[in-house]
Structure formats: C-alpha cells, structure tokens
1. Go through the stretch 132-162 and report how many residues are touching a residue at least 40 places away in the same chain (Cβ under 8 Å) and either open to solvent by less than 10 Å² (accessible area, probe 1.4 Å) or closer than 29 Å to Leu323 by Cβ (or both).
2. Could you tell me which residue of the stretch 56-88 is nearest to Tyr160 (Cα to Cα), considering only residues that are touching a helix residue (DSSP H, G or I) at 6+ places or on another chain (Cβ under 6 Å) and of a type in the set (A, V, I, L, M, F, W, C)?
3. Which condition from (1) surrounded by fewer than 18 Cβ atoms within 10 Å (Cβ to Cβ); (2) within 29 Å of Asp138 (Cα to Cα) is the one that Val54 breaks?
4. Being in a helix (DSSP H, G or I), under 24 Å from Ile139 (Cα atoms) and open to solvent by 20 Å² or more (accessible area, probe 1.4 Å) is the requirement here; does Gln313 meet it?
5. Condition first: in contact (Cβ under 8 Å) with a residue 40 or more places away in the chain, touching a strand residue (DSSP E or B) at 6+ places or on another chain (Cβ under 8 Å) and either open to solvent by less than 50 Å² (accessible area, probe 1.4 Å) or not β-branched (Val, Ile, Thr) (or both). Can you find one or more residues in the stretch 70-78 that meet it?
6. Which is of a type outside the set (Asp, Glu), farther than 27 Å from Ala200 by Cα and surrounded by fewer than 24 Cβ atoms within 10 Å (Cβ to Cβ), of Pro304, Pro269, Pro244?
7. Would you point out which residue out of Arg83, Arg96 is among the basic types (Lys, Arg), in contact (Cβ under 8 Å) with a residue 60 or more places away in the chain and farther than 19 Å from Glu310 by Cβ?
8. Which residue is most open to solvent (accessible area, probe 1.4 Å), if the candidates are limited to the stretch 350-373 and must be within 29 Å of Pro97 (Cα to Cα) and among the hydrophobic types (A, V, I, L, M, F, W, C)?
Amino acid sequence: MTRILFYVQHLLGIGHLARASRIADALVKAGADVTVVTGGLPVAGFPGPGIRHVALPAVASSASFSGLVDAAGVPVDAAFEARRRELLLTAYHEARPDIVLTEAFPFGRRQVRFELLPLIDAIESSQPRPLLCASIRDILQERAKPGRDAETVATVKDHYDHVLVHGDPGFVRLEDTFPLAEAITDKVIYTGLVAAPVPAPSVDRFDVVVSAGGGAVGEALIAAALQAAQVLPDIARWCVITGPNLQQDAFDRLQKLTRRGVELVRFRPDFTALLGAARLSVSQAGYNTVCDILGARCRALLVPFASGGETEQTARAERLAALGRVAVLPEANLDGPGMARAIAAALALPDPDRGPLLRVDGAPRTAEILLTLAQKRAAGQTVIT
C-alpha cells in the first residue's frame with residue numbers, strides 16, 4: 001500500500017482544504033494509505049472520513065494579512081512555531097511516506113517556511129527518500145516582490161520531483177501566471193481541475209443560488225444579492241449561502257434584508273446538487289466554486305475577490321468570460337443595483353451545455369498519477385511525465 005503524507009495549510013478561505021480533501025479521498029479510494037496534516041482553523045467535514053488526520057495548532061492570516069495569528073487571534077511566536085515544527089516532523093516520521101505532497105508550497109505559503117524547510121531537510125536525509133511533489137491550483141497569485149519566483153524555481157529544482165498542476169492546460173497553463181515556468185517544465189504534470197463528483201440535480205429547486213465560499217470575505221457579495229432580490233420579484237426562489245466563517249453579527253444584519261422566497265443559510269451540504277437544478281449561480285471566482293459550476297454546467301455570475309492585491313480570481317473569471325461561460329461583476333461595482341443588472345445579463349448567457357468542456361476529473365486523475373509514480377519508483381523505473 002502506497003503511503004502518502006499530504007500537508008495542507010489554509011489561511012483565509014476553505015478552498016485549499018476542500019481541494020486537498022477531494023484529492024485525499026480519491027487516493028484512499030484508489031487504495032493508498034493517506035495522512036493529511038492540516039494547519040488552519042478546523043472546518044467541519046474536512047478532510048473527510050477514512051483519512052488519517054493530524055491537526056497542527058491552528059494559524060490564520062492576521063486581519064492585515066501581514067502575519068500569522070493563532071485561533072484566538074494572537075500573533076504566533078517562536079515557541080508556537082517550534083511546537084508546530086515538532087509535531088509536523090513527528091507526523092512525517094510516523095507516517096513513513098512513499099510520497100509527500102505540499103499544497104501550494106513552494107509557490108505559496110512562505111509564511112510557514114519555519115516548518116516546511118525542516119520537513120524538506122528531513123525528506124532529503126531519509127533512506128529511502130520519498131518522492132516530494134507540490135500540489136498547486138491552475139492560476140497562481142501574481143508576485144509583487146522581486147526574486148520570489150526565482151526562489152520558488154530554485155526550491156523546486158533542488159528538492160521537488162514533480163509539480164502537480166490541478167488544471168486543464170487547454171484552459172490555462174502554468175506559464176500564464178508563473179513567468180519562470182519554463183525552467184521547471186520537466187517536472188510539471190497537469191491533472192485536470194479537481195471538482196467534486198457531479199450529483200443528480202436537487203429536488204429542492206431554486207432559481208438563483210448565491211454562495212460566498214467560506215464566508216470570511218463574502219458579506220458584501222451576500223448583501224448585494226439580497227438587495228438585488230428586492231428589485232427582481234420575477235425571480236421567485238433564492239438560496240443564499242453565507243459560508244460557515246461569516247461572523248454572527250454580519251449574518252444577523254443580512255437576515256434583515258431577506259424577503260419572502262429567499263432562504264438565507266450558512267451551509268448546504270448539497271451545494272453542488274443545488275447548482276444542477278438552478279437557473280443561475282452567483283459567487284466569487286474561487287477555484288472550488290468554479291469547478292462546481294463547471295461540473296454542474298450552470299449559468300454563472302462571478303464576482304472575483306480582488307482585495308489586498310489578489311489577482312487569481314479575476315484572472316479565472318476573465319478567462320471564463322472570454323469563453324462565453326460566465327458573466328463578471330467587478331468587486332468595485334458591487335452593490336444592489338449593479339448586482340441586479342449583472343444577474344439579468346447572466347441569465348441571458350448561452351446554454352452552458354453548448355459551451356466548451358474543461359477537464360474536471362482532477363481528483364481521481366491525481367490519485368492515478370501518484371500511485372503510478374510510486375509503483376515505478378518501487379520498481380526502479382525511470383519516471384517519464
């Protein structure tokens with residue numbers, strides 16, 4: 001049985017954890033022994049049943065995104081970092097993995113180098129040495145500081161065997177958002193987008209399904225959608241999902257904006273099934289939500305998160321809009337009237353069933369790739385990607 005250690009650190013939303021959990025689940029179903037090490041605030045239902053889970057003391061991004069804080073919002077110190085580092089290295093040695101996956105790193109998550117660089121050192125000194133692979137989404141955040149991309153390339157060249165890019169190369173390639181991708185082309189493997197299995201459409205049918213991912217930065221989107229519902233009476237049924245991380249006082253404020261026919265909830269476990277039965281999805285443009293939309297082949301209005309210099313969601317939304325698959329409402333234009341106009345435009349989009357198909361089988365494909373790599377390594381064969 002192939003043993004896999006998967007390190008995942010989510011800092012703001014739950015997208016990284018959700019994608020990694022889908023991959024881990026596919027690996028377990030393929031027969032692997034999987035240990036997922038998480039370092040973010042706990043999220044109910046993740047990483048999922050049948051997966052060994054080691055939870056490090058949780059950290060999250062500070063309100064200013066300038067550092068790390070613990071679960072109580074207190075900035076972490078050297079002792080806190082040392083405790084996490086010790087627990088991570090213990091998890092590594094106990095798992096005795098054939099393959100180690102690091103989600104985002106070294107293309108992101110520089111904030112936790114204090115534990116990941118020692119993990120890489122432990123991997124390099126192990127006999128036998130496990131394969132080390134990066135697990136990254138298809139579109140990367142643009143780097144503002146010079147030298148960061150070169151540092152990433154150096155780390156990949158020195159230590160990583162493969163870089164798994166969870167995307168469809170016919171839609172976007174690594175070099176489109178990572179300028180130095182050519183230097184590591186020999187290590188890159190495209191897996192397809194990691195989407196949840198497409199369920200049957202829900203019997204609970206809504207005209208519009210509005211969602212804000214984890215909810216930590218989604219209050220403005222939800223408020224604009226509720227205001228739009230007030231001036232769009234012909235759209236009868238709305239399901240508005242705030243996300244579990246929205247503060248309670250914000251949820252209470254939003255509740256006062258609802259009208260008859262609008263259901264405001266924190267979470268729906270049947271979210272993807274709701275999309276399959278809806279006329280329209282309204283959401284941010286995060287990786288997992290877009291994968292769900294593509295899988296359900298639902299019309300969509302995307303409001304990409306762009307605060308704090310974020311570029312990834314805008315790039316994804318603009319590329320999908322160029323394909324005629326979605327309508328886009330910039331975050332700067334986010335208010336009730338703007339949302340109402342954008343919803344009307346999105347409802348007039350062409351039938352999604354006639355649009356281009358993107359590969360969304362990335363979870364089972366990733367499992368297949370990793371197990372093949374392990375088998376070839378065990379047999380002493382050269383791995384050609």
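1. Residues flagged as touching a residue at least 40 places away in the same chain (Cβ under 8 Å) and either open to solvent by less than 10 Å² (accessible area, probe 1.4 Å) or closer than 29 Å to Leu323 by Cβ (or both) within the stretch 132-162 amount to 13.
2. Leu88
3. Result: Val54 fails condition (1) only.
4. It is true that Gln313 is in a helix (DSSP H, G or I), under 24 Å from Ile139 (Cα atoms) and open to solvent by 20 Å² or more (accessible area, probe 1.4 Å).
5. To start, the set of residues in the stretch 70-78 that are in contact (Cβ under 8 Å) with a residue 40 or more places away in the chain comprises none.
No, because not a single residue in the stretch 70-78 is in contact (Cβ under 8 Å) with a residue 40 or more places away in the chain, touching a strand residue (DSSP E or B) at 6+ places or on another chain (Cβ under 8 Å) and either open to solvent by less than 50 Å² (accessible area, probe 1.4 Å) or not β-branched (Val, Ile, Thr) (or both).
6. Pro304
7. Details: Arg83 fails: in contact (Cβ under 8 Å) with a residue 60 or more places away in the chain.
Going through Arg83, Arg96 in turn, the sole match is Arg96.
8. For the stretch 350-373, the residue satisfying everything is Val360.
The values are calculated or read from the model by the stated rules, or taken from the named source; none is laboratory data. Every value quoted in this text rests on a predicted model; they were computed, and no experiment measured them. Ideal geometry is used to build each Cβ from the backbone, glycine not excepted, and the neighbour counts take in all protein chains shown. Note: accessible area is taken over every heavy atom of the protein model, side chains too, but ligands, DNA and RNA are not part of it. Shrake-Rupley method; radii C 1.70, N 1.55, O 1.52, S 1.80 Å.
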